[in-house]
Each structure stands twice: as C-alpha cells, then as structure tokens.
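Q: Before we start, here is the structure in question, set down as structure tokens.
Bear in mind that the values in this text are calculations on the coordinates, not laboratory data. Predicted, not measured: the structure shown is a model, and the values here were computed from it. Quick reminder, even Gly has a Cβ in these numbers, built from the backbone with ideal geometry, and neighbours come from all protein chains shown.
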Amino acid sequence: MEFLSYNFIKTNMGKFILNYFILFFSASHLYAQQQYELILDTVFQANEIYLDPLNNLYLVNDTEKSIAKCDMNLNVLKKISFNRGWDQALMDVSDPFKCILFYPGDYKIVLLDESLSIIGSYEEPELNLESAVCQFSTDVIGLFSNNVLKLKNYQDQKIIYSDPINDDRRQDVRIQSQLKHHNSYLYLLRTGIGIIRFNNLLFEDKRWLNPKIEKIDIFGDALFYLEGNQIMKSDLKTQVETLIINSSKAIHSFAVNREYLVWLEGSRLRIIRWNLN
C-alpha cells in the first residue's frame, strides 16, 4: 500500500474534500478507498456517541449525566438527564422512534421516543454489569445476561433462549458486552474475547476471536470495530480487513451508518461523510 500525505480540495460550494488513499488530519490518519468529506472536527466532551439511521447523533456525557440529541452540525435538538445513580448510560438507537436506554446494573430498560421522552420501561432482574441490550424488532428486544442470549417479546412475553455461551475466560475478569442486530443476525461483542454471531433462532453462526476489540458497529455488508486507536472494517462477504482510522490519541467511541462515520477521539468529535460522488 502506498502512503500519501493529506490533501484538501475546495469545492465550488466552499467545502473541503479529503482526496487521497491515506490522509492525515490533526492526530488521525484516514484510510480511504474513495473520497470522503470531513464535515466536523471540534472539541466536545462526551463518553459515548450513537448515530441513528436518520443521521441524528446521541452524545452521552457520564459526568453531567446527560444525553444530547443533535443534528450533524451539532445543533442540539433535545437534551435530557438520566438517573443520577447511574455511572454510565448505554443506548441502542437503531429505531429513532423507539430508542433503548439502559444501565446494566439497574435492572431496567427504558424506551424513548424521537423527543427522548419516556414511552415505556421494563424491569429486567437478570441484567448485570456484563449485560447488553439491543432492538430486534418492533416488540422484541435482544438481551444478553448470565452467559445466555435471549429474544423477548414484551407484548406476549414469549422468549427464545440461546444455549449457554462458553467464553473461556477467567472468572475474576469483568467483561463488557455489546449487542447489535443486523440483517436477521445478532452480533455479541465480549471484550477480551471477541465477537459471536447468532441467527434469528439464536444458534451460533460464527466467531471472530480477537480479545483487543472494544466496540463494534455494522451497516451494509461491513462490520466495523474499534481495536486500540484504530477503527477497522471487515467485509462480511469476503472477510477482507481494511484499516479506516489510525489515531495517535485514544478513540473511546464510534458509530457508523450509510452516510457517516463519527467518533470521539480524546476530547474531540469528528465526522466524515461516506460515498461522495
């Protein structure tokens, strides 16, 4: 692979386009197969970032216990506070009209509408600090707890269970989990172990064993994951791995959708637009 310095091309609309296969801006390298547009690079304090299919950002600040819903220009559309007893709030925003908010140690799942108002809540006594939750369908939520994955319909209370998941790790090591639903599959990340994929009947389908993976996101035929200070892309069809972002500073959260890649790097928030013509 050839290494090239960065170049910004000014368009007739006054925007700047990143135009080389490998680029450098601020503390990050951007590895690109096509043109990308850097649309935002600013100082912003947040612990987690989420991106829904309608291009809304959700920025979780654990220090001030707040969630800000913003547009891609970082205009705040709505801001709420979450439970002051929580050290951390986690979300699933794959359905922007029924967002999931939960804290694994609080045994409760909260549903939020597009204005971040509470429209429902469910008690889940099995949730613990290693649990994960995601939206599976309109009435069904995916849950991981106590080494078992389940799909629970909160309308008719029907539940599908996986077999117990063997993760081969030391019992004294606490692992964080993340759960994503995409194209009838569930992707379960167990930090320190890797990713396990399940079909919609909760039979294990595939494993990516990599203890360095910290976060995941998915769109199209690509699985994106955070490994150290790098954001990687794995093609789900060809298994080809591509380095997208390589940073000299810590990346602690990222998200992707069809149009954008967003990430928190140190004290900065960065956004690039995919698939420019």
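Q: Starting from the Cα gyration tensor of region 204-277, take the square roots of the eigenvalues, sort them a ≥ b ≥ c, and report rounded, prolate or oblate (rounded when a/c is under 1.5, otherwise prolate if a/b is larger than b/c, else oblate).
A: Judged from the Cα gyration tensor, region 204-277 comes out oblate (a/c at least 1.5, b/c at or above a/b).
Q: Further question: Separation between the Ile118 and Gln239 pseudo-spin-labels, each 7 Å from Cα along Cα→Cβ, expressed in nm?
A: 4.7 nm
Q: Let me ask something additional. Multiply the residue separation of Asp62 and Phe97 by 0.36 nm, subtract the distance between their alpha-carbon atoms, and state the gained length in nm to one decimal. Each step should come with its number before you reach the end.
A: Values: separation 35, 0.36 × 35 = 12.60 nm, distance 2.31 nm.
10.3 nm is the gain from fully extending Asp62 to Phe97.
Q: Given bins 5 angstrom wide, list per bin the percent of all Cα-Cα distances in region 52-179, short to long.
A: The distribution over region 52-179 is 2, 10, 19, 22, 19, 13, 9, 4, 1, given as percents.
Q: Sequence neighbours fewer than 8 away in the same chain don't count; with that in mind, list the aspartates and glutamates whose C-alpha is under 14 Å from Lys212.
A: Glu227
Q: Go ahead and run the numbers for FRET between Asp106 and Lys206, Cβ-Cβ distance against an R0 of 35 Å, rounding to 0.05. Please list the in-between numbers first.
A: Numbers: r = 32 Å, r/R0 = 0.91.
The formula returns an efficiency of 0.65 here.
Q: Report the normalised scattering of region 137-277 as log10 I(q)/I(0) at q = 0.15, 0.16, 0.21 Å⁻¹, calculated by the Debye formula with identical scatterers on the alpha carbons.
A: -0.82, -0.92, -1.34
Q: Let me ask another. What is the extension gain from Ser81 to Ser248, computed as 0.36 nm multiplied by their sequence separation minus the C-alpha to C-alpha distance, in nm to one decimal?
A: Working: separation 167, 0.36 × 167 = 60.12 nm, distance 3.23 nm.
Result for the pair: 56.9 nm of gain on full extension.
Q: Between Leu129 and Asn153, what is the spin-label point distance in nm, taking each point 7 Å from the Cα along the Cα→C-beta axis?
A: 3.6 nm
Q: Where does the charge balance sit around Ile119 when Lys and Arg score +1, Asp and Glu -1, over other residues with C-beta under 9 Å from its C-beta?
A: Residues close to Ile119 contribute a combined charge of 0.
Q: Along Cα→Cβ, 7 Å out, is where each label goes; now give me the distance between the ones at Asn183 and Gln230 in nm to one decimal.
A: Going by the 7 Å Cα→Cβ label model, 2.4 nm.
Q: Sorted from fewest to most neighbouring beta carbons within 10 Å, what does the list Tyr154, Tyr260, Tyr58 look like? Walk me through the numbers before you get to the answer.
A: Numbers: Tyr154 13, Tyr260 20, Tyr58 23.
Ordered from fewest to most neighbouring Cβ atoms within 10 Å, Tyr154, Tyr260, Tyr58 come out as Tyr154, Tyr260, Tyr58.
Q: Hey, another quick one. Of Lys152/Lys180; Lys78/Lys215; Lys98/Lys233; Lys98/Lys237, which ones are farther than 20 Å apart at the Cα? Mind showing how you got there, number by number?
A: Values: Lys152/Lys180 15 Å; Lys78/Lys215 26 Å; Lys98/Lys233 28 Å; Lys98/Lys237 30 Å.
Beyond 20 Å between Cα atoms: Lys78/Lys215; Lys98/Lys233; Lys98/Lys237.
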